[in-house]
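Chemist: First, the structure itself, so that you have it in front of you.
None of the figures in this text is laboratory data; all of them are computed from the coordinates on show. Please read all numbers here as calculations on a predicted model, not as lab measurements. Here the Cβ is made from the backbone with ideal geometry for all residues, glycine too, and neighbour counts use every protein chain on show.
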Amino acid sequence: MKDLRKKLIKKARRIVIKVGSAVVAAPPVEGRDIFERLGAEIKDLKGSGREAAIVSSGAIALGIRRLGLKERPATIPERQAAAAVGQGQLMALYDSAFSKVGEKAAQVLLTHDDLGSRKRFLNARNTLTALFRLGIVPVINENDTVAVEEIKFGDNDALSALTTNLVEADLLLILSDIDGLYDKDPKAHKDAQKLAIVEDVDELKIDAITDSTNSLGTGGIKSKCEAARRAAHFGTATVIANGNSPGVISRILSGEPEGTLFLPKEDRLTSKKHWIAFSARPSGRVFVDDGAKEALLTKGKSLLPSGIKDVDGTFEAGEVVHCVDLKGMEFARGVANYSSSELGRIKGLKTAELVKVLGYKVYDEVIHRDNLVVL
C-alpha cells in the first residue's frame, strides 16, 4: 500500500487543496500563520511542475472574530453579514502571503446554482483553466454573502469535491484540525486507530463514527468522507490531514503517510456524468416501470417513453431529473430530452407514436444512456 500511495501521489499534476476554518482561524504555528505557510508550500508545489487550486473556508470565521461575536451566527442573514465582513480580509491575507513568494492569487466565488447549471459550470471551468494557464492560483469559496439555504453547498468540503470535477484534478487534499479518519471517535475513545488508507469509500461505515464540528466551521468527518466519495467517483484520490501541521502539503506530495488516503474508483465517471450525479440539482421525477428499470440497471439501455408510468414536478428539456421506480426510490438520474409537460403526453407510448401525439419528435430517447448515471 505504501508503494501505491507514492505512485498515486507522484502522478498527481493538478491538486485541489481545501483549507478549513479550523486551519484558517488557528493561531500562528512556529511564528508563521497558515497563509504564509500555504504561500511557501504552493510555491514549492508549482516549482515541481504541479498546479493548485485552493478551496478556502474562513470568510465567516474571520468575520465573526472581526465583529467580536462569540459563536457562529444561527441565521442566514447574520452569516451573510459576517461573510461580507470577512471575505475581503480573507483574500487580502492570501494576496499578501502569495505576493511575498512571487505568486498571484485570484478570488473565485461560487454558489451551487453556478455549478448546477451546465452552461455556468463550463463557463467557470473556462475561467479557472485560464487562471492556471496564466500561472495564477485560484482561491475558491462559496459566495456566502448571496447564498441562501436552497443554493448553499452545505459546507466547503462538498464544494471542494465538486471542484475536483470542475478543474479536472488528480488529487484532493482536505486540511482540517484532525489527523485523518479513525476507526472510532478519537475524542471519545483513547484506543481509536487512524486509518492509513480507505480502499473503497462506498463500503465505509461512516455512521459508526461520531460527526463533530467546531464553533467556527460547519463540516465534520462525515462531510469530509462524503467529499472523498464524490471525488473518488471522478477518479480523484483524497487525503484528509491536519492542516495545522507545518509542511503537511510537502510531506503528502512526497508520498509520506500523512493523514488518511482515500483511493479513487477504477470505474470513474466522465466529467459530464459526475456533474449529473453530484453537481446538478434534479428538477423533477420520472417514474419508470420494472422492465425499464431493469433495462437501465443491467442492460445499459436508454430510457424510452414506453417505460415511463408517471411524471412529477415541472422541468424543461435539458434539465436533470430523478429516475425512480414505482415505489418512489431513486436508482438513477439523467438529462431529460423532453419537458415535464411533453412527458405527461407521451408517457407509456412507443417511439413511433411521438410525432402523432406531439406533432414532432426531438429524440427517440427520453434520457440517452450517455446522459444517465446509475446511482
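Chemist: Going down the table (K43/K100; K18/K100; K18/K224; K7/K194), which pairs top 18 Å between alpha carbons?
Modeler: K18/K100; K7/K194
Chemist: Through the Karplus equation 6.51 cos²θ - 1.76 cosθ + 1.60, θ set to phi - 60°, convert the phi angles of the range 279-288 into ³J(HN,Hα) values in whole Hz; use x for Gly and Pro.
Modeler: 8, 5, 10, x, 9, x, 10, 10, 8, 10
Chemist: Considering only F121, S250, G49, whose Cα is most displaced toward the positive end of the charge dipole of the range 2-273, charges sitting on Cβ of Lys, Arg (+1) and Asp, Glu (-1)?
Modeler: Final value for the positive-end residue is G49.
Chemist: If you wrap the range 2-273's Cα atoms in a convex hull and average its projection over all directions, what's the area in nm²?
Modeler: Averaged projected area of the range 2-273's Cα convex hull equals 14.0 nm².
Chemist: Find which of L263, G307, P282 sits farthest along the positive direction of the dipole of the chain, computed with +1 on the beta-carbon of Lys and Arg, -1 on that of Asp and Glu, about the Cα centre.
Modeler: L263
Chemist: What does the charge add up to near D95, with Lys and Arg as +1, Asp and Glu as -1, over the other residues with Cβ less than 13 Å from its Cβ?
Modeler: Result for the neighbourhood of D95: 0.
Chemist: More than 22 angstrom separation, counting every C-alpha pair in the range 282-374; what % is that?
Modeler: 14 percent
Chemist: Moving on. Hand me the GluC sites (Glu not before Pro) from the range 27-66 located in a DSSP loop with no more than 11 other Cβ atoms within 10 Å, in residue order please.
Modeler: Taking the range 27-66 and a limit of 11 other Cβ atoms within 10 Å, the loop GluC sites (Glu not before Pro) found are E30.
Chemist: Rounded to the nearest 20 Debye, what is the dipole magnitude of the chain about its Cα centre when Lys and Arg each give +1 and Asp and Glu each give -1 at the C-beta?
Modeler: Taking the Cα centre of the chain as origin, the dipole is about 820 debye.
Chemist: How large is ³J(HN,Hα), in whole Hz, for each residue of the range 304-321 in order, when computed from phi with the Karplus curve 6.51 cos²θ - 1.76 cosθ + 1.60 and θ = phi - 60°, using x for Gly and Pro?
Modeler: These are the phi-based 3J(HN,Hα) values: 9, x, 4, x, 8, 9, 7, 9, 10, x, 10, 8, 9, 4, x, 8, 7, 10 Hz.
Chemist: Just to be sure I understand: if I project the alpha-carbon convex hull of the range 28-69 onto a plane and average over all orientations, what area do I get in nm²?
Modeler: Directional mean of the projected Cα hull area for the range 28-69 stands at 3.8 nm².
Chemist: Right, another one. Determine the sum of side-chain charges near V201: Lys and Arg each +1, Asp and Glu each -1, restricted to other residues whose C-beta is under 14 angstrom from that of V201.
Modeler: Neighbour charge sum, excluding V201 itself: -2.
Chemist: Now, a different point. Would you please put 181-188, 158-165 in order of how densely packed they are, using the mean number of other Cβ atoms within 10 angstrom per residue and starting with the highest?
Modeler: 158-165, 181-188
Chemist: What is the mean projected area of the alpha carbon convex hull for the range 38-137, to one decimal in square nanometres?
Modeler: The number I arrive at for the range 38-137 is 7.4 nm².
Chemist: Roughly how many debye, to the nearest 20, is the charge dipole of the range 282-374 about its Cα centre, given +1 on each Lys and Arg Cβ, -1 on each Asp and Glu Cβ, and no other charges?
Modeler: Taking the Cα centre of the range 282-374 as origin, the dipole is about 180 debye.
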